[in-house]
Structures are given as structure tokens and as C-alpha cells.
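**Q** There's a structure below that I have some questions on.
The values are calculated or read from the model by the stated rules, or taken from the named source; none is laboratory data. On a predicted model such as this, the values are computed, not experimentally measured, just so you know. A quick note on method: Cβ atoms are made from the backbone with ideal geometry, for glycine too, and the neighbour counts reach across all protein chains shown. Side chains are part of the model used for accessible areas, which takes the heavy atoms of the whole protein and leaves out ligands, DNA and RNA. Shrake-Rupley method; radii C 1.70, N 1.55, O 1.52, S 1.80 Å.
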Amino acid sequence: MPPVALDPESVAQEVLAFNTRLARGLSTFTQLGDVQVGVSPRTSVHRQDKVVLYHYDPQVPDPLAVPVLICYALVNRPYMADLQEGRSLIQGMLKQGLDVYLIDWGYPDAGDQSLTLDDYINGYLDRCVDFIRAKHGLARINLLGICQGGTFSLCYTALHQDKVQNLITTVTPVDFHTPRDLLSHLVRQVDVDLMVRAFGNTPGELLNWIFLTLKPFRLMGQKYVDFVDSMDDPEKARNFLRMEKWIFDSPDQAGAAFLQFLRDFYQANGLVKGTVRIGDQPIDLLAITVPVLNIFARDDHLVPPDASKALGGCISSSDYTELEFPGGHIGIYVSARAQEMLPPAIAAWLADRVQA
Amino acid sequence: MGQSDNPFHVTDWAALQRRYLDALQALGFPGNPGSVSAASPWHNAFDYWWQGVSASLPAEQRSFFADLVRQSGAFLACAEFFTPLTAVLARQPAAGPDWEREVRRQFEALQQQLAAGTPPPGMESLLGAWKLPDDLWQRTSALFARLPDELLRPIPGAAPLGGNQSGNADALREGARLWQEYQQVLSEYLRMLSTAARNGLNRLQEQLLGGAQVPNLRALYDLWVECGETAFNEMMAGAEFAACFARLVNALSSFKLHTRRMIDAGLESMHLPTAQALGTMQEREAGMRSELRAARVRQQADRETLLRLQRELEALRPAAPNTAPVQAGETGD
């Protein structure tokens with residue numbers, strides 16, 4: 001067989017088939033309406049400013065006694081963790097008998113420009129933790145951080161270890177200067193102080209496009225061409241649109257917090273160097289002695305595995321577990337494999353430690 | 001609704017364009033690089049179709065579908081570019097010297113056109129992904145700043161920026177200088193993207209000459225994506241691109257900050273709150289939040305001390321009547 005087995009006739013046939021699928025898909029799309037996100041029933045139990053703490057309805061009669069608080073990133077929206085039926089980390093955790101809370105940071109506006117990491121970590125996050133502790137009559141709860149929310153959870157645990165029983169980090173950057181970290185490489189020389197003085201809050205669209213630019217051909221080109229193959233299936237079309245909705249639903253970043261995160265974490269790599277300060281307190285990861293489960297994604301192009309795995313050498317915990325997920329940064333929450341792998345692993349790890 | 005009744009399910013245009021291309025082939029179309037692309041029959045027909053149906057789409061899906069159609073257009077342009085090559089290849093022995101020569105000839109012609117900044121029609125779409133970083137940056141910068149001439153007259157009708165004509169002229173000149181600086185860095189950035197585009201095509205050529213199996217058009221498109229992605233990543237991982245990216249962001253930030261100050265000057269002249277004044281208020285508010293948090297921590301510690309003392313007191317006086325203890329978890333919200 002020749003390497004290139006193309007001839008004008010076969011190319012023409014393929015183009016015709018492609019166009020037909022696209023036209024059919026367009027017809028399907030006109031009947032879809034707006035797609036819904038979020039599947040698990042939940043109640044808003046605490047609010048402060050734009051931050052909302054949600055409690056998900058337990059799905060077993062006797063859930064694990066110590067609840068889990070999920071701390072999401074400021075970037076993008078937290079419904080990624082509960083996207084739809086069968087593609088929901090939260091749903092999986094509930095089915096595994098966990099009692100789950102989630103922080104929604106909301107959409108910062110110009111009035112939130114001065115919010116700092118101190119406000120987010122020692123303010124909003126701490127209030128949410130205290131609320132859950134009081135509600136359940138517990139001294140300590142379980143904390144699960146997602147991406148940047150994992151970094152926040154690490155800082156929080158280093159400062160408030162008396163309130164955290166077990167810590168789970170997922171696709172969490174710790175060492176921001178690993179060789180394969182393209183995102184860090186790209187922003188290293190940006191004058192963030194100037195940027196925040198100029199723009200105030202950082203537009204979410206800018207961050208989102210930078211993330212997509214890391215893989216422009218696949219994420220902004222091939223993905224759509226691939227989708228044409230399955231777009232006449234209404235359910236697949238809805239699934240695709242849900243992901244699109246999430247990808248482009250990007251809150252602005254509060255200026256002061258963004259400045260600190262980019263400057264102290266991405267540019268100075270202060271978390272592993274011990275130079276980060278939240279408020280007037282230094283963050284010393286070595287202070288962390290609670291059990292830690294560190295979950296990372298093997299093919300993560302935003303937070304390379306090495307950036308997450310660095311955590312093992314930075315904390316003092318004698319109970320440290322790593323779990324590698326064979327997938328990417330988003331697949332770890334929404335892929336079918338993730339649904340089979342992560343909730344049971346998290347639940348089993350927590351059950352062992354809560355009962356002990 | 002059956003397909004025949006469905007206004008979106010019109011494929012006659014595609015069949016028409018296919019017949020058009022067949023006719024070209026039948027006329028002994030020689031496979032000159034860019035010749036078919038110049039006609040871009042599929043791509044043009046596709047555009048025509050999209051213009052016809054896009055207005056009928058629900059508003060919430062139009063933007064998504066526009067992206068989808070743009071990328072589909074790139075796929076079709078890929079077909080158009082490679083069709084003349086396939087016509088020649090169909091007449092050549094596979095992987096022989098003539099085959100290699102023809103592949104090289106096609107790619108060299110294309111590279112020359114790209115280097116000259118005059119890609120053939122259709123190739124714009126074929127290189128759509130390469131253009132995306134450019135697109136996205138333009139879109140992103142549009143979020144921050146309107147066109148400079150709009151920005152440089154911030155308050156229509158107001159005495160220009162407080163009436164300090166000499167200062168205003170300086171500010172306008174500085175704004176123009178900063179905008180020009182941004183445009184220069186943007187040009188440099190786009191040149192780097194163009195270089196990466198050519199590197200991607202080089203990789204594709206190497207892959208084809210190296211015997212990569214391409215059983216159909218889709219496989220060719222996927223290979224092009226892979227080559228492009230690799231070339232782009234190589235560029236992005238280099239120090240030069242990161243420095244250029246930073247200069248671009250910094251230049252845009254400088255321009256934006258300047259315009260923000262000019263707008264502030266205009267607002268101040270009208271005794272309206274400025275962004276700087278709002279920033280000052282927010283900083284004070286942040287200080288108060290910080291003090292409040294410290295007070296909350298002290299309050300919590302005091303509560304716990306009180307609770308401990310109450311317990312100790314109760315232990316010392318077991319017969320005393322019960323008093324309601326303060327709950328340790330209360331936050332006083």
C-alpha cells in the first residue's frame with residue numbers, strides 16, 4: 001500500500017460525507033435548546049459576599065461521619081465536578097457514601113478587585129470550614145482541592161491544620177517550575193503588577209484563551225472536526241455542548257489575588273521555596289502532617305505530573321499516597337474511566353482514615 | 001420532518017462543487033500548486049451555505065456553530081490543497097523519485113507563498129489553527145481596549161481632559177507611542193507564528209516523504225494537526241517566544257494603563273469618581289477586612305478560653321446549677 005493512498009475521487013467522497021454529516025448535525029442542533037449542567041441535588045447552606053457553600057444531598061442512609069469540602073479553583077466554574085449524569089465526580093462520591101460540600105466562588109466584578117489570597121483562604125474558605133465544623137459538631141473535616149483549589153487547600157492546611165483531618169489534592173500545582181510546565185514558562189516574564197494595575201480584574205476570557213493556546217490545533221481545531229462525526233446524535237451533541245459551556249464560562253479573576261498567585265506561585269515558585277505569605281503568615285508545607293492523598297493526571301498539559309508529585313517531598317506527613325490517573329486535566333473529572341476509578345479510591349482512602 | 005423538507009439538509013451544493021472539481025480533473029488539470037486552492041470550490045460553497053443557514057440558528061448556538069464551521073472550513077481547505085497533489089500522485093508510482101519530487105514541489109511552492117505573505121485562497125483556512133493565536137489575541141485585546149482613536153478621546157463633549165491642552169497633547173502623543181509599540185511587538189509575535197506555521201508544514205512534508213501512512217483525507221488532516229501542534233509546542237517552549245509573549249502582554253498593559261489614566265483625568269475634571277479613587281477605597285476596605293479577620297480569630301480564641309474556664313469552674317463546683325455553655329463552633333455571623 002502506498003504511504004498516501006489518496007486520489008481525487010476518494011477525497012471528493014470524503015468531503016461530501018463530511019458536509020452531509022455537518023448539515024445533518026446542524027439540523028440536530030436546532031432542536032437541542034439550552035443544555036443543562038449540574039446533576040446532583042444540593043442546597044445552599046452558607047453565603048458570604050458572592051461565595052456560596054453548597055451541601056449535596058447524601059445518597060446513602062448513613063454517610064461517612066466526616067464530610068468532605070471540595071475547594072474548586074477560581075478559574076472556570078465548579079460545575080465541572082458535577083457536570084451531568086454519569087460524568088460527575090460529586091455524584092460518584094455521594095454514591096460511595098461520602099457527605100459532600102462544595103465552594104462556589106462566584107463571578108468577581110470590579111468591586112472585588114482588591115480581594116487577596118488572604119481573603120479567599122483565611123476568609124471565605126475558613127468560614128466555610130467553620131460552618132461545616134459547627135454544623136456537624138466536628139473539630140476537623142476532610143478537604144479536597146481541585147487544581148488551583150488544591151493549592152489553596154495546601155495553604156489552608158498549612159495554616160489551619162487543627163481543622164483538617166485528611167487532605168486530598170487533585171491535579172494540583174505545587175512546583176511551578178518543572179520543565180514541562182508550558183503555562184508557567186509562558187507567563188514567567190509578564191509584568192503582572194502592570195497588568196493588574198492596567199486591567200483591574202483579569203478577564204476570564206484571557207486566561208481561557210491562554211489555556212487553549214497551549215494546544216491550539218487540537219483544542220481549537222481538531223476537536224470540532226472530530227465532533228462532526230458524532231454531532232447528529234442528540235445526546236452526544238448535548239455532552240459536547242456541556243463541555244463547551246464549561247470551557248468558555250470563565251469568571252474574571254480578582255486583581256489582587258491574581259497578582260499574588262501569578263507572582264508568588266507561578267513566577268517565584270514560592271510554594272516549594274517557602275516564600276509565599278498568606279496575609280501575614282508564611283506558608284510552610286513542612287507543617288502539614290495530616291494524611292494526604294495526591295491525585296494527578298498522567299497526560300495533564302496544564303499541571304504536569306511532576307508539578308503535582310513535588311508535594312511528596314515538601315510535607316511532613318507520614319501518611320502520603322499518590323494516585324496517577326491515566327488521562328488529562330479535565331478527563332480526571334468527566335471521563336468514564338475517572339468515574340470508575342476516582343470516587344471509589346477517594347472513598348476507600350477516606351474511610352480507612354476516618355475510622356482509624 | 002423528513003430530510004427532504006429540512007432546509008438545513010441541502011447537499012446539492014456539495015455535489016455541484018464535486019462535479020466542478022471532476023470537470024477540472026477531466027480537463028487534465030496539471031496539479032500546479034495552489035491552482036485548485038485558488039478556486040476553492042468546496043470552501044467557497046461551504047461559506048455560501050453557512051451564510052444561508054446561520055441566521056436560522058438559535059442565538060445561543062450560533063457562536064458555537066460559527067467556530068465549528070470555521071474549523072470545518074479548514075478541513076475542506078486541507079482537501080482542496082491536497083487534491084491536486086493526489087491527482088498527480090494517482091499517476092505516479094508510489095514512493096518513487098517522481099512521487100518525492102512532486103511532494104517537494106508542492107510544499108516548496110506553498111512555503112514560498114507563505115514566506116511572501118501571500119498564501120493562496122483557501123490556505124488561509126488550511127492554516128486556520130495557526131491563525132488562531134493571532135485571532136485570540138486580537139479578540140482578547142479587544143476586550144481591554146477599543147481602537148486607539150476611540151480611546152484617545154475618552155470623554156466626548158468634555159473639555160478635553162480637564163482643559164490642560166499642553167498636558168493633553170503630551171498624553172495623546174504618549175498614547176499613540178504606546179499603541180505603536182504594541183503594534184510593533186504584535187508584528188513580531190505574528191512573524192513567529194508564521195515561522196511556526198512553516199515549520200509545521202515542513203514536518204508534514206517530512207512525515208509524508210518518510211512513509212507516514214495516509215489512507216484517507218481525514219488521516220492527512222490529523223497528521224497535519226499533529227505536525228502543527230509539535231511545531232507550535234517547540235516554538236512555545238523556547239525562550240524567544242516566551243519573551244515575545246511577555247513583551248506583547250506588557251505593551252498592551254502599558255497602553256491600557258495609559259488610557260485608564262487619561263480617562264481618570266477626564267472624570268476628575270467633571271468631579272466624578274475615578275478608577276484610582278475607587279482603588280483607594282477598595283484598599284481601605286481590604287484593610288478593614290483583614291482587621292475583621294484578626295478580630296474574628298481573637299474572638300474565637302476568647303470563646304474557647306471561656307469554654308475551658310467554664311468547664312473548669314463546673315468541675316470545681318459540681319453542685320452548682322448548670323449554665324448554658326458557649327458553643328465552640330459559633331462564629332457570631
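**Q** Starting from segment B:227-256, keep only residues that are more than 7 Å from chain A (Cβ to nearest Cβ), then list their pairs with residues that are among the polar types (S, T, N, Q) and open to solvent by 30 Å² or more (accessible area, probe 1.4 Å) whose Cβ atoms are within a distance under 7 Å, requiring at least 6 positions of separation or different chains.
**A** Listed by first residue and then by second, the contacts come to B:Cys227/B:Gln207; B:Ala231/B:Asn199.
**Q** Here's a check for you: in segment A:311-340, which residue that is assigned to a helix (DSSP H, G or I) and open to solvent by 50 Å² or more (accessible area, probe 1.4 Å) is nearest to A:Ile168 (Cα to Cα)?
**A** A:Gly313
**Q** When you scan segment A:68-79, do you find a residue that is at pLDDT below 85, in a helix (DSSP H, G or I) and open to solvent by 10 Å² or more (accessible area, probe 1.4 Å), even just one?
**A** no
**Q** Here is a further query. Got a number for residues in segment A:174-203 being touching an Asp or Glu at 6+ places or on another chain (Cβ under 6 Å) and facing chain B (nearest Cβ under 10 Å)?
**A** Counting residues in segment A:174-203 that are touching an Asp or Glu at 6+ places or on another chain (Cβ under 6 Å) and facing chain B (nearest Cβ under 10 Å) gives 1.
**Q** Go through segment A:204-222 and give me each residue that's within 8 Å of chain B (Cβ to nearest Cβ) and not β-branched (Val, Ile, Thr).
**A** A:Glu205, A:Leu206, A:Trp209, A:Leu212, A:Leu214, A:Lys215, A:Pro216, A:Phe217, A:Arg218, A:Met220, A:Gly221, A:Gln222
**Q** Now for a separate question. Just name the residue that is nearest to the other protein chains (Cβ to nearest Cβ) out of those in segment B:268-303 that are of a type in the set (Ser, Thr, Tyr) and more than 34 Å from the chain's Cα centre (by Cα).
**A** B:Ser290
**Q** Taking segment B:260-294 only, how many residues are part of a loop (DSSP other than H, G, I, E, B) and touching a residue at least 60 places away in the same chain (Cβ under 8 Å)?
**A** 1
**Q** Does A:Ala237 qualify as being of a type outside the set (Phe, Trp, Tyr) and modelled with pLDDT of 90 or more?
**A** No, not satisfied.
**Q** Those residues that are at pLDDT below 85 and either open to solvent by less than 20 Å² (accessible area, probe 1.4 Å) or over 27 Å from A:Asp181 (Cβ atoms) (or both), I need them from segment A:215-229; list them, please.
**A** If the condition is that a residue be at pLDDT below 85 and either open to solvent by less than 20 Å² (accessible area, probe 1.4 Å) or over 27 Å from A:Asp181 (Cβ atoms) (or both), then A:Pro216, A:Phe217, A:Met220, A:Gly221 are the ones that fit.
**Q** Here's another thing I want to ask about it. Counting just the residues of segment B:191-213 that are open to solvent by less than 40 Å² (accessible area, probe 1.4 Å) and not in a helix (DSSP H, G or I), which one comes out nearest to B:Cys227 (Cα to Cα)?
**A** By that ranking, first place goes to B:Ala212.
**Q** Further question: Could you tell me whether segment B:220-227 includes any residue that is outside any helix (DSSP H, G or I), farther than 20 Å from A:Ile210 by Cα and at pLDDT below 90?
**A** no
**Q** Here is a follow-up. Given the options A:Arg353, A:Arg298, name the one that is among the charged types (D, E, K, R), open to solvent by 50 Å² or more (accessible area, probe 1.4 Å), farther than 16 Å from A:Ser153 by Cα and over 19 Å from the mean Cα position of the chain (by Cα).
**A** Only one candidate passes the filter, namely A:Arg353.
One line per residue, one yes/no per condition, for (1) open to solvent by 10 Å² or more (accessible area, probe 1.4 Å); (2) in contact (Cβ under 8 Å) with a residue 40 or more places away in the chain; (3) farther than 17 Å from B:Val297 by Cα:
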| residue | (1), (2), (3) |
| --- | --- |
| A:Ile103 | no, yes, yes |
| A:Asp109 | yes, yes, yes |
| A:Asp112 | yes, yes, yes |
| A:Asn142 | no, yes, yes |
| A:Gly145 | no, yes, yes |
| A:Gln161 | yes, yes, no |
| A:Asn166 | no, yes, yes |
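**Q** Right, here's the next one. Quick test for you: out of A:Asp49, A:Asp7, A:Asp57, pick the one residue that is facing chain B (nearest Cβ under 7 Å) and either aromatic (Phe, Trp, Tyr) or open to solvent by 50 Å² or more (accessible area, probe 1.4 Å) (or both).
**A** Exactly one of A:Asp49, A:Asp7, A:Asp57 is facing chain B (nearest Cβ under 7 Å) and either aromatic (Phe, Trp, Tyr) or open to solvent by 50 Å² or more (accessible area, probe 1.4 Å) (or both), namely A:Asp7.
**Q** Still on this structure, I have one more. Quick one: what pairs do we get from segment A:12-25, first residue facing chain B (nearest Cβ under 7 Å) and of a type in the set (Asp, Glu), second open to solvent by less than 40 Å² (accessible area, probe 1.4 Å) and part of a helix (DSSP H, G or I), C-beta under 6 Å, 6+ apart or different chains?
**A** Cβ pairs passing all conditions: A:Glu14/B:Leu217.
**Q** Exactly one of these conditions fails for A:Phe152: (1) touching a residue at least 24 places away in the same chain (Cβ under 8 Å); (2) within 14 Å of chain B (Cβ to nearest Cβ). Give me its number.
**A** All conditions are met except number (2).
**Q** Determine the pairs where a residue that is more than 8 Å from chain B (Cβ to nearest Cβ), located within segment A:223-235, has a partner that is of a type in the set (S, T, N, Q) and in a helix (DSSP H, G or I) with Cβ atoms under 6 Å apart, the partner being 6 or more residues away or on another chain.
**A** Note: pairs meeting the criteria are A:Asp232/A:Thr28; A:Pro234/A:Thr28.
**Q** Within segment A:179-195, does at least one residue satisfy the condition of being of a type in the set (A, V, I, L, M, F, W, C) and touching a Gly at 6+ places or on another chain (Cβ under 6 Å)?
**A** No; the residues of segment A:179-195 include none that is of a type in the set (A, V, I, L, M, F, W, C) and touching a Gly at 6+ places or on another chain (Cβ under 6 Å).
**Q** A:Gly33 is checked against (1) modelled with pLDDT under 90; (2) within 30 Å of B:Arg218 (Cβ to Cβ) and fails just one. What number does that condition carry?
**A** (2)
**Q** Exactly one condition in (1) open to solvent by less than 20 Å² (accessible area, probe 1.4 Å); (2) modelled with pLDDT under 95; (3) of a type in the set (Ser, Thr, Tyr) is false for A:Ser308; which is it?
**A** (2)
**Q** Moving on. Looking at (1) in contact with a strand residue (DSSP E or B) (Cβ under 7 Å, 6 or more places away or on another chain); (2) within 14 Å of chain B (Cβ to nearest Cβ); (3) part of a loop (DSSP other than H, G, I, E, B), which one does A:Asn122 not meet, given that it meets all the others?
**A** (3)
**Q** When only residues in segment A:261-295 that are surrounded by 19 or more Cβ atoms within 10 Å (Cβ to Cβ) and within 12 Å of chain B (Cβ to nearest Cβ) count, which is nearest to A:Val75 (Cα to Cα)?
**A** Per the criteria, the residue is A:Leu262.
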